[in-house]
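This report refers to the structure that appears directly beneath it.
Bear in mind that the values in this text are calculations on the coordinates, not laboratory data. The shown structure was predicted, so the numbers you read here are calculated from the model rather than taken from an experiment. As a convention, Cβ positions derive from the backbone with ideal geometry for all residues, glycine included, and neighbour counts pool all protein chains shown.
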Amino acid sequence: MSQFRFLKSRDEYYRHFTALDIGTDLVKALVVRREVPIGHVLGVSREPQHPDAMTGGAIGDVELVIDACNRALEAAEDMAGTVPGQVVVGIAGEMVKGFSSSIAYPRERPVERVRESELRNMLQLVEKRALREAQHLLELERAFGDAGEVRLVHSAITQVRIDGYPVTNPIGFQGRNLEVTVFNTFAPISQVSSVEALARELDLEIAGTVSQPYALARACAGDEAWEMGGVFVDIGGGTTDVALLRGGGVEGTRMFGLGGQAFTRRLSADLGLSYHEAEARKIRHSEGLLPPDQEYAVAQLLQADIEVLLQGLALCLRELARGEVLPSNIYVCGGGSLLQGLMQEIRRNVWAEGLPFERQPQARLLAPGDAHNLFDSTGQLLTAQDVSPMALASHALRVESEERDAVNNVMRGVLKAMKG
């Protein structure tokens, strides 16, 4: 008898899903069972990527990524004893743009109650404006000359106000001014198509595609972050993802092409090691296991790359700040964050000089326990590198709870039309 349990009933099928984090160094997969309001992680896997699989955080070679994903899925499913048919996928890379857009609508008849059609028309205006901004951003970076290359990936309403007062659902309210703020994620259509092709090859139904840093901020923000704001930083293998939480919602996300691989390449080039030897030495350095002579040499070489990465973080935050005050709490995760000395340099705050922080930044390393609404049944999720796939799983759980919300139903209809 097969050890796997294929999910044939409708209820069982929708009760289980896989969170797939396709990174530059590793593909991470979690098999999760929904137990409203939480999710139980039943299976965990981390499989190495081929060095040529990813480019700038995006899929570079579909076949190589499929191979790594297959290995990751099989390992996680083997641990869980279950084969889910649905997957939530994180999307990242230097060309992925996420930002908030708002529109204020003065109503001609304030005594009339807000109708669903009125809200839908407002959301369509917000999304069209955001699409133009995303196209403009990509064209400024000279990545794409054709505006049609941009596609809306994910959208979420972050705030609704009537006459300045926040409401959960404006339908049925009276008022003169209706204001809606929506967070949107856009990506090159070629990148989105690669993710969709990957899911088809893996025989999986995409339950959701979401910006990795957006999912991270939403999953790990505690009460203090929601009230005071926060900066979320995921240092991966090939890219560093940043999300700004400000004003009670995720305001923007950015990504830049520096991560843990830069440290490995530095050691490989300067010490005459193969890439795999350099990676092993970097890991031993992070664990404090190198002999003193090697430890000193590695620390000296990596210091320059740490400074470059933090300069990239500073540039990213300057762009996200848009001239306004930045929250002082910084939350860090990702495999690259485990490099010895990196968190120490972040906490020194030399890199933050000149940025509009409201007070001296305070950074802390996120742990798996910071991801909301997840229980790890495996005992395998232990470090900051595991937070990102857990954030994707948390996002999938939250989306299910939002499906019964009338405002989000309207948003999904607009999103479907925009994607079409």
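Some notes on this structure:
- Given 13 as the ceiling on other Cβ atoms within 10 Å, longest exposed-site-free region of the chain for GluC sites (Glu not before Pro) in DSSP loops: 142-286
- On Cα atoms only, tilt of 189-201 relative to the major axis of the chain in degrees: 70 degrees
- Each semi-axis of the equivalent ellipsoid for the chain is √(5λ) with λ an eigenvalue of the Cα gyration tensor; in descending order they amount to 35, 27, 20 Å.
- Fewest neighbouring Cβ atoms within 10 Å first, the residues His395, His276 line up as His276, His395.
- Note on Thr383 and Arg318: the model spin-label points, each 7 Å out from Cα along the C-beta direction, lie 3.3 nm apart.
- Relative to the longest principal axis of the Cα atoms of the chain, helix 116-140 runs at roughly 40 degrees.
- Ellipticity estimate at 222 nm from DSSP helix runs (n ≥ 4, -39,500 (n - 2.57)) divided over the chain, nearest 500: -13000 deg cm²/dmol
- Simple spin-label estimate for Glu358 and Gln294 gives 4.6 nm between the two label positions (7 Å along the Cα-to-Cβ direction from each Cα).
- Neighbour-count ranking [beta-carbon atoms within 10 angstrom, fewest first] of Ser102, Ser194: Ser102, Ser194
- Considering only the chain, percent of DSSP beta bridges that pair antiparallel, nearest 5: 70 percent
- Mean separation of Cα contacts under 8 Å, 6 or more apart, over the residue count of the chain: relative contact order %: 19 percent
- Extension gain (nm, one decimal) between Glu133 and Glu74, 0.36 nm per residue minus Cα-Cα: 17.2 nm
- Convex hull volume of segment 222-368 per residue (C-alpha atoms, cubic angstrom): 104 Å³
- 15 Å beta-carbon shell around Val242, net charge (K/R +1, D/E -1): +1
- Compared with the dominant Cα axis of the chain, that is its longest principal axis, helix 387-402 is turned about 20°.
- Estimated inter-spin distance, Leu273 and Asp223, nm [label 7 Å along Cα→Cβ]: 4.5 nm
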